[in-house]
Amino acid sequence: MALIVQKFGGTSVGNPQKIKAVAERVLSYSRQGHQMVVVLSAMSGETNRFVDLAHQMQVLPDPREMDVLLSSGEQVTVSLFAMAVKEAGFDAISMLGDQVKIVTDNMHTRARIKHIDSDGIKKELDAGKIVVVAGFQGVTESGDITTLGRGGSDTTAVALAAALKADQCEIFTDVEGVYTTDPNMCATAKKIDKITYDEMLELASLGAKVLDIRSVSFAKRYNVPLHVRSTFTDTEGTWVVEEDKSMESNPVSGVTYNKNEARITISKVPDTPGMATKIFNPISEQGIVVDMIIQNTRDGELTDMTFTVPRTDYTKTMSIMEKVAKEIGAEGVTGSKNIVKVSIVGVGMRNHTGIASTMFKVLSDEGINILMISTSEIKVSCVIDEKYTELAVRALHSAFGLDQEKA
Ligand code: ADP
Ligand code: ASP
Ligand code: MG
């Protein structure tokens, strides 16, 4: 008998028929004697619909109220799922974040899990029930509902698997695993059998939304092997695991893109000490995460500072920057939402040279202008105009030998 955590995403539970089919799939494990914890997302499209509704009420929706709203989608699916299991003659109980006690900090809409009380779940499992937990939500010490950031149900599942010391953690989704690039954008994308935590962390942080980045951090920290696989087939998916020697042969394992960023330039910033703090402190105080930063200095002359922030924080950051620009005597602020960050990732990059320059050449051969560049040990990212996303991804995928062989 094993303790298994299985998470099903929005498209897997997108309507009543699909919920019943997923319940059947989970029941097949229960019938073999396994203890099952099921984590569910909201039905596909629901969370987006809520975000839209909120913006019809307030330009910048109140974060606490936003979480009360956003968390409601998962409440629907877990209750329906428990009913489907009961209808099939087995016992189940749904649990919301505050019923489990998934305690988070109070950063509404992007809260972090502080600790999980797994006793309640264990009691229900020992009583022979399938425990159905609402993904993506938690509760603060003072009892307010929080959400974990978009895609956060993956994180709920992995955090629960770690807290319960589960034997298996499986992430069921609408594709058959983690691919060399988004299979919905590039028809030649290949499924990867095994990928390291570090590569998956980079892919997730650079836009491969198949796994939420925080779920991968949890999995790495607590050494939870993750199996990403399809809800609709029985095919073996992708294992996210610790690195071994065999994984270093390819310089590039995957290509990603992220359209969720925006670029802001504050021009003619005085080149004196303390400018970076004056610019970035007010942003971080608002909980906004800055990604790439470019600054040029020219001894005492005025210089430009360019950086990227999540697109959802663009309007807020622009208004903060306009104030800051006046205070520090900069010339002005400009920005664009029409950018994309395209990246290549691979642990093998550590042992290969010339990877970045190949990437620049591929983009230039396609006539694509690079706006910003950043690198780390196992990735290279370029910001380009959003309209070239597909062209860039496909050209890089092919240039680094990732295309699937034609059958
Ligand atoms: P779920 O609702 O199950 O959580 P998501 O939509 O969050 O599913 O994630 C699955 C989607 O991630 C796929 O449909 C695919 O379009 C996208 N995706 C992006 N990059 C990749 C990749 N490298 N491998 C697999 N899927 C990817
Ligand atoms: N329903 C949430 C979202 O759409 C969480 C999730 O699906 O993981 O972001
Ligand atoms: Mg997801």
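Look at (1) under 24 Å from the mean Cα position of the chain (by Cα); (2) in contact (Cβ under 8 Å) with a residue 60 or more places away in the chain and you find that residue 270 fails only one, number (1). One residue alone among 73, 89 is outside any strand (DSSP E or B) and under 23 Å from the mean Cα position of the chain (by Cα), and that residue is 73. Are there any pairs with C-beta distances below 8 angstrom linking a residue in the stretch 181-194 that is among the polar types (S, T, N, Q) to a residue that is part of a loop (DSSP other than H, G, I, E, B) and away from ligand 2 (no atom under 16 Å from the Cβ), with the two at least 6 apart or on different chains, and if so which? Hits for this filter: 181/189; 181/402; 188/402; 188/403; 188/404. The set of residues in the stretch 1-24 that are in a helix (DSSP H, G or I) and farther than 16 Å from residue 169 by Cβ comprises 10, 11, 13, 16, 17, 18, 19, 20, 21, 22, 23, 24.
Here's the yes/no breakdown for (1) surrounded by fewer than 19 Cβ atoms within 10 Å (Cβ to Cβ); (2) assigned to a helix (DSSP H, G or I); (3) under 14 Å from the mean Cα position of the chain (by Cα); (4) more than 16 Å from ligand 2 (Cβ to nearest atom):
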{"position": "186", "(1), (2), (3), (4)": "no, no, no, yes"}
{"position": "202", "(1), (2), (3), (4)": "no, yes, yes, yes"}
{"position": "207", "(1), (2), (3), (4)": "no, no, yes, no"}
{"position": "214", "(1), (2), (3), (4)": "no, yes, yes, no"}
{"position": "234", "(1), (2), (3), (4)": "yes, no, no, yes"}
{"position": "240", "(1), (2), (3), (4)": "no, no, no, yes"}
{"position": "243", "(1), (2), (3), (4)": "yes, no, no, yes"}
{"position": "251", "(1), (2), (3), (4)": "no, no, no, yes"}
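Figure legend. Inter-residue proximity from the stretch 56-78: first residues under 17 Å from residue 133 (Cα atoms), second residues of a type in the set (Asp, Glu), beta-carbon distance below 7 Å, spacing 6+ or different chains. Indicated pairs: 73/46.
Residue-wise test of (1) out of contact with any helix residue (DSSP H, G or I) (no Cβ under 6 Å at 6 or more places or on another chain); (2) within 14 Å of residue 135 (Cβ to Cβ); (3) within 16 Å of ligand 3 (Cβ to nearest atom).
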{"residue": "2", "(1), (2), (3)": "yes, no, no"}
{"residue": "39", "(1), (2), (3)": "no, yes, yes"}
{"residue": "85", "(1), (2), (3)": "no, no, no"}
{"residue": "97", "(1), (2), (3)": "yes, yes, no"}
{"residue": "118", "(1), (2), (3)": "no, no, no"}
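Every number in this text was worked out from the coordinates using simple rules, so none of it is lab data. What you see is a predicted model, and the numbers here were worked out from it, not measured in a lab. Cβ atoms come from the backbone with ideal geometry, glycine included; neighbour counts cover every protein chain shown.
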